[in-house]
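One structure is given below, encoded as structure tokens.
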Amino acid sequence: MAKAQDLPIEALLREKRKFPPPREFARRAVVNKASVYTEAARNPVRFWEARARELHWFKPWRKALEWKPPYAKWFLGGKLNVSYNCLDRHVTTSRRTKAALIWEGEPGDTRTLTYWDLYREVQRFAAALKRHGIRKGDRVTIYMPMVPEVAIAMLACARIGAPHSVVFGGFSPESLRDRIHDADSRIVITADGGWRRGATVPLKQNTDDALKECPDVNTVIVLRRTGQPVDMQHGRDIWWDEFVKGVEAKCPAEPMDSEDLLYLLYTSGSTGKPKGIIHTTGGYLTGIAATHRWVFDLREEDVYWCTADVGWVTGHSYVVYGPLANGATTVMYEGTPDFPDKDRFWRIVEKHGVTICYTAPTAIRTFMKWGEAYPKRCDLSSLRLLGTVGEPINPEAWVWYWKVIGNGRCPVVDTWWQTETGQILITPLPGLTTLKPGSATRAFPGIDADVLDERGKPAASGYLVLRKPWPAMLRGIWGDPERFVQQYWSKFENIYFTGDGAKRDDDGYFWLLGRVDDVMNISGHRVSTMEVESALVDHKAVAEAAVIGRPHDIKGQAIAAFVTVKAGVDGTDGLQDELKQHVARKIGALARPDDIIFSAELPKTRSGKIMRRLLRDIAEGRTLGDTTTLADPAVVAALKRQYDED
Ligand code: PRX
């Protein structure tokens, strides 16, 4: 495991530029008084109660917080419904005819759903689910492209109290199967396919492959999206349009307990098995609605676009639930940024008049590489605020985003959070915070973040932790309470450990340094080294594998795999390609290794532990660190020669 203090930061800290909020922006901002921080710090629970009161509750809570570490409950006894908060309470106001969702498909087709439209479609689908026998508490797996129906399905589940488990459409059939098993889900909502870079992703085919080993799934609802041919299994599979045919668009929202399960979302951790992160209802909605409004300085007339896929937590909190809870107009795009050309994102901004754009550093670095000509040919003057999430952003990319996309007018909010945190936790407030490129700046009001050393003492550099509970925090790992404790609560007593390293500067700003555990961050997506290793050793030619993340200009990190093949097998270029393909097939394309390095042996300690630190040194071309604890120091020298030759 890397020590936080080993991680490189000097380049970041040399970054001295500061960007105070533009005066006019600050004047009009949702939050522009520094006292919000001190007031919230004085009584965080009261602060969050005030935010919770901005939602609609069928029944008020009797107690705001019960904190029995590591378990927190928020707004105990309160009853509410997320779908009601996202829809019903807006349709009684002038927002009834406001665009809730502006959608653009990759081929260029568009649809706009008003709050009234969405309200009706969600009710219709929810009523159909109920008619089909789906009950409160049943887990529903959703494996869909970025189309309005994915939001409709999520909201319909929330409406009837059936928790969803959305699986990213880029995941393989095996990954889908594992998630269906773990959630013990009996129903899958999918589509024939989705569009991606001019081709179709075979979602139904993947679902069929996954379901070969899921005998308990008795219903598959299939949306027609691409029109590609699919097999429909009689008695199990039903087209979406037939599923809702004749169903009235009426389905009252189920009053849910504040602590009822809203959804599971699987994410990678330090083992080969993804974990189902548990998010509940009242605290989650409170956390995401408040952060969405404050961090993005939301105004009634904004057109807000978060480019994340709903398969990730960013899509849950800041494409669907946060914006809709706030009555905002949220933009959704199906495809890739380079189809049909590399200006697609900027064409979308221009066409729909996007005012707030929230994307990932990896995308920004890609745009930088493509060059200014693409954004320059589009009118981006509607933009007023930019955001990033998912990985540390290098100051060059930050400044490029600010200058080329924002034309030097738009604050850039670098937001740090995780699947587990549910909501943004470290972030600027754009009307208040002086920005420093590369820093996520400060903890959101009411959040107690700190950096600790190995012994748990506050330090300028070390492990990022959260000392106090926050409303949208995870409530556990589905079916694995021990792992929950082990993963997040065992390093420091009663303090949540994020798995990230961080530094603080003289102003107390946080500078995120990446993961300190065995989790890689590939283009802002979490992949565990162990997951890739077990996919590799699953191949018949492989005896042993060790995987690390190495720095990559665009993706942040790329996967390098050191592989020992079985006796009698030759490590050829052909085998390298086959292994890359094998991992992509097992997990999904996002986990495809960039490098496969064959090695007769892997460097191990005398107790048999693979020394990843040395592998990192090799992959990053550094002089080798201490090799004295190695069982056979010659192995490393040989490996390094091998890597340099490749
Ligand atoms: O390492 C941090 C990085 O992404 C991890 C969380 O990944 P995930 O659960 O997939 O959620 C991503 C979207 C919220 C964190 O532990 N990370 C996320 N945002 C930032 C970041 N690292 C640096 N700066 C950020 N703004």
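Observations, loosely collected:
- Relative to one another, the C-alpha centroids of the stretch 81-154 and the stretch 38-76 are positioned 28 Å apart.
- Using the Cβ-Cβ distance between R46 and D507 with R0 set to 25 Å, the FRET efficiency from 1/(1 + (r/R0)^6) comes to roughly 0.40.
- Area accessible to solvent at K403, 1.4 Å probe radius, in Å²: 130 Å²
- If the chain linking E248 and D184 were pulled fully straight, counting 0.36 nm for each residue of separation and taking away their Cα-Cα distance, it would gain 20.1 nm.
- Using a Förster distance of 25 Å, the FRET efficiency for H132-A199 (Cβ separation, nearest 0.05): 0.20
- What the chain shows is 38 Å² of accessible area per residue, with the surface traced by a 1.4 Å probe over protein heavy atoms.
- Accessible area (Å², 1.4 Å probe, nearest 10) - T200: 60 Å²
- Ratio Rg/Rh [Cα only; Rh per Kirkwood] for the stretch 302-409: 0.93
- In this view, the solvent-accessible surface of D182, computed with a 1.4 Å probe and all protein chains in place, comes to about 40 Å².
- For the chain, adding -39500 (n - 2.57) for each run of n ≥ 4 DSSP H residues and dividing by the number of residues yields -8000 deg cm²/dmol at 222 nm.
- Distance between the modelled labels on D595 and A543, one decimal in nanometres: 2.2 nm (7 Å Cα→Cβ projection).
- Between the C-alpha center of the stretch 393-420 and that of the stretch 442-499 there is a gap of 26 Å.
- Taking 0.36 nm per residue of separation and subtracting the current Cα-Cα distance, fully stretching the chain between S381 and D480 would add 30.8 nm.
- For the stretch 539-645: rounded, prolate or oblate by the Cα gyration tensor [a/c cutoff 1.5]: oblate
- Tail fraction, Cα-Cα pairs, the chain, threshold 47 Å, whole percent: 12 percent
- Accessible area of the chain belonging to carbon and sulfur atoms, whole % at 1.4 Å probe: 49 percent
- Stretched out straight at 0.36 nm per residue, the stretch from R455 to D231 would grow longer than its current Cα-Cα span by 74.9 nm.
- Cα gyration tensor shape for the stretch 349-500, rounded if a/c is under 1.5, else prolate or oblate: prolate
- With every protein chain in place and a 1.4 angstrom probe, the accessible-area ranking of K604, K68, largest first, reads K68, K604.
- Between W116 and R585, the modelled labels are 5.2 nm apart [label points 7 Å from Cα along Cα→Cβ].
- Pairwise FRET efficiency - S490 versus E39, Cβ, R0 = 35 Å, nearest 0.05: 0.60
The values are calculated or read from the model by the stated rules, or taken from the named source; none is laboratory data. Quick caveat, the model's predicted, so the values are computed rather than measured. Using ideal geometry, Cβ is built from the backbone for each residue, glycine included, and neighbour counts are taken over all protein chains shown. Just the protein is used for accessible areas: all its heavy atoms, side chains included, with ligands, DNA and RNA removed. Shrake-Rupley method; radii C 1.70, N 1.55, O 1.52, S 1.80 Å.
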